[in-house]
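The values are calculated or read from the model by the stated rules, or taken from the named source; none is laboratory data. This is a predicted model, so every value here is computed, not measured. When we count neighbours, we look across all protein chains shown, and the Cβ atoms used for this are built from the backbone with ideal geometry, even at glycine.
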Amino acid sequence: MLGLTDGDLNTYTLPGEQTVVARCHTTQEVQVVILEEVFSRYGRVSVSRSESNGFHVNCYLNRTFLFLVTEKKQMPCWLLSSNKTFQSYIAGYTDAEGNFILNQGRARFKIDSYDKKILMNIHDFLIRRGVSSILRRIAVAGSKWPGGKPINQDLWRINVNEAASLKLFIDMINPHLLHQTRKRQVELCLANIQQRCK
């Protein structure tokens, strides 16, 4: 829940309200399915079509879910202190923001995000567990995308490129992934890694 929320959802409560709202707009129906799967057992999930051919998703939860509203950059200590819990967090964040890709004939993993602190925590966790991870800034605030739209904050990227490290990383988070596209990407990457190791 925290990984998905930090990656893809806006969470808030209204003054005096007893309801926590987690919401997002997405063009991917598979993302809607994930949010319904994760949150519908705890509260009502409302899905409506948007004018831009996407979906507005609102998840209505009780106040026991206030932990989802915490400042993204302040990761709870209990989350960082457990390997399995943090692996699950990374999987949720990957479902929201990550990609497993084949680039130049090689399987790779990347996450692009403005949340430098989150990526630093993920990077440090992976390095401590023997996964060769690269963290770098790929765009500076004030620069522009190729189409001319301005970039308001520094944009950061994590890469895992080396075959053995990518296999180790996949083994860590694959049991927790829910996004069907990510899971198909993982299968392609594992086949590529096996071929590279041969």
Seminar exercise, completed: Among (1) out of contact with any Phe, Trp or Tyr (no Cβ under 7 Å at 6 or more places or on another chain); (2) closer than 26 Å to residue 159 by Cα; (3) surrounded by fewer than 16 Cβ atoms within 10 Å (Cβ to Cβ), residue 80 falls short only on (1)
Problem set entry | segment 76-100 residues that are touching a residue at least 60 places away in the same chain (Cβ under 8 Å) and charged (D, E, K, R), paired with ones that are surrounded by fewer than 20 Cβ atoms within 10 Å (Cβ to Cβ) and in a loop (DSSP other than H, G, I, E, B) (beta carbon under 6 Å, 6 or more apart) | 95/178
For this session: Kindly list, by first and then second residue, each pair from a residue in segment 27-48 that is closer than 24 Å to residue 184 by Cβ to a residue that is among the hydroxyl-bearing types (Ser, Thr, Tyr), limited to pairs with Cβ atoms under 6 Å and residues at least 6 apart or on different chains.
Result: 30/181
Seminar exercise, completed: All-but-one check, residue 178 against (1) of a type in the set (A, V, I, L, M); (2) free of Cβ contacts under 8 Å to residues at least 24 places away in the same chain; (3) over 22 Å from residue 103 (Cα atoms), failing number (2)
For this session: Go through segment 1-26 residue by residue and tally those that are in contact (Cβ under 8 Å) with a residue 40 or more places away in the chain and of a type outside the set (A, V, I, L, M).
Result: 10
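Somewhere in segment 60-75, is a residue over 17 Å from residue 2 (Cα atoms), part of a strand (DSSP E or B) and not small (Gly, Ala, Ser)? Before you say what the answer is, go through the steps one by one.
So the first thing to find is which residues in segment 60-75 are over 17 Å from residue 2 (Cα atoms), and the list is none.
The answer is no, given that none of the residues of segment 60-75 is over 17 Å from residue 2 (Cα atoms), part of a strand (DSSP E or B) and not small (Gly, Ala, Ser).
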Exercise. Which members of segment 132-171 meet the condition of being under 17 Å from the mean Cα position of the chain (by Cα) and of a type in the set (S, T, N, Q)?
Worked result: 133, 159
Exercise. From the set of residues in segment 34-69 that are of a type in the set (S, T, N, Q) and more than 22 Å from residue 176 (Cα to Cα), which is modelled with the lowest pLDDT?
Worked result: 52
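Just the residues that are part of a loop (DSSP other than H, G, I, E, B) and either among the β-branched types (Val, Ile, Thr) or under 19 Å from residue 93 (Cα atoms) (or both), please, taken from segment 1-26. It would help to see each step written out before you state the result.
Filtering segment 1-26 for residues part of a loop (DSSP other than H, G, I, E, B) gives 1, 9, 13-18.
Matches in segment 1-26: 1, 9, 13.
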Exercise. Can you tell me which residue in segment 22-57 is nearest to residue 75 (Cα to Cα), limited to those that are of a type in the set (A, V, I, L, M) and within 19 Å of the chain's Cα centre (by Cα)?
Worked result: 22
